[in-house]
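Participant: Got a structure here, written out as structure tokens. Questions coming.
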């Protein structure tokens with residue numbers, strides 16, 4: 001099970017007032033047989049309908065229990081608490097996005113090629129990311145992450161789309177030195 005949810009209350013901008021970001025959540029159940037639910041912050045960029053899952057920023061797993069009444073109530077309370085916690089981090093996530101606009105890139109093609117190699121993406125995904133960047137060129141860390149998440153819309157399966165949304169979020173979460181290495185090697 002995978003569910004993407006948008007909040008009607010979590011809204012802010014990154015570059016300018018027309019670059020609206022809406023906060024939300026991505027729920028997924030773990031298929032390991034441990035009956036756990038994973039909650040991750042998800043951003044939705046209204047301008048281009050991009051979605052970005054920021055799994056590196058905050059991740060929670062809630063163990064769903066045995067299905068008895070007490071476990072069900074504890075699970076519900078845990079989910080509520082974690083949703084509040086994730087929503088309380090929205091401003092911090094927006095600030096991380098704003099900070100990522102300060103990390104400029106020199107060679108777009110090199111950065112995208114290195115991102116594709118690092119995350120083991122396909123040649124078709126690389127081409128889609130390059131085309132996405134060309135349609136909305138922003139020469140910074142956020143611009144590359146947005147190109148990846150825009151390319152996610154071209155994926156054939158929902159799972160591949162989610163994978164690219166997570167890559168975009170992972171790029172935002174990278175330390176400056178690690179991201180700069182994409183532009184240097």
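Participant: Based on the mean of other beta carbon atoms within 10 Å per residue, what is the order of 72-82, 164-174, most packed first?
Facilitator: 164-174, 72-82
Participant: Taking a ≥ b ≥ c as the square roots of the eigenvalues of the Cα gyration tensor of the stretch 115-161, is the shape rounded (a/c under 1.5), prolate (a/b larger than b/c) or oblate?
Facilitator: prolate
Participant: Further question on the same structure: Please pull out the direction-averaged projected area of the chain, using the convex hull of its alpha-carbon atoms, in nm² to one decimal place.
Facilitator: Spelled out: convex hull of the Cα atoms, projected over all directions, averaged, 10.9 nm².
Participant: Let me make sure I get this right: for the stretch 126-185, a, b and c are the square roots of the gyration tensor eigenvalues over alpha carbons, sorted descending. Under 1.5 in a/c it's rounded, otherwise prolate if a/b > b/c, else oblate. Which is it?
Facilitator: Taking the square roots of the gyration eigenvalues as a ≥ b ≥ c, the stretch 126-185 is oblate.
Participant: Determine the calculated [θ] at 222 nm for the chain from helices alone, applying -39500 (n - 2.57) to every DSSP H run no shorter than 4 residues and normalising by the residue count; nearest 500 deg cm²/dmol.
Facilitator: -15500 deg cm²/dmol, from helical runs alone.
Participant: Follow-up. Between residue 5 and residue 71, what length in nm is gained on full extension when 0.36 nm per residue of separation is reduced by their alpha carbon distance?
Facilitator: Here the segment from residue 5 to residue 71 would lengthen by 21.3 nm.
Participant: Here is a further query. Under a point spin-label approximation (7 Å from Cα along Cα-to-Cβ), what is the residue 13-residue 181 distance to one decimal in nm?
Facilitator: Once both label points are built, they end up 3.6 nm from each other.
Read the figures in this text as sums done on the coordinates, not as results from a lab. Please read these numbers as outputs of a predicted model, since none were measured by experiment. Don't worry about glycine lacking a Cβ; one is built from the backbone with ideal geometry, like all the others, and counts go over all protein chains shown.
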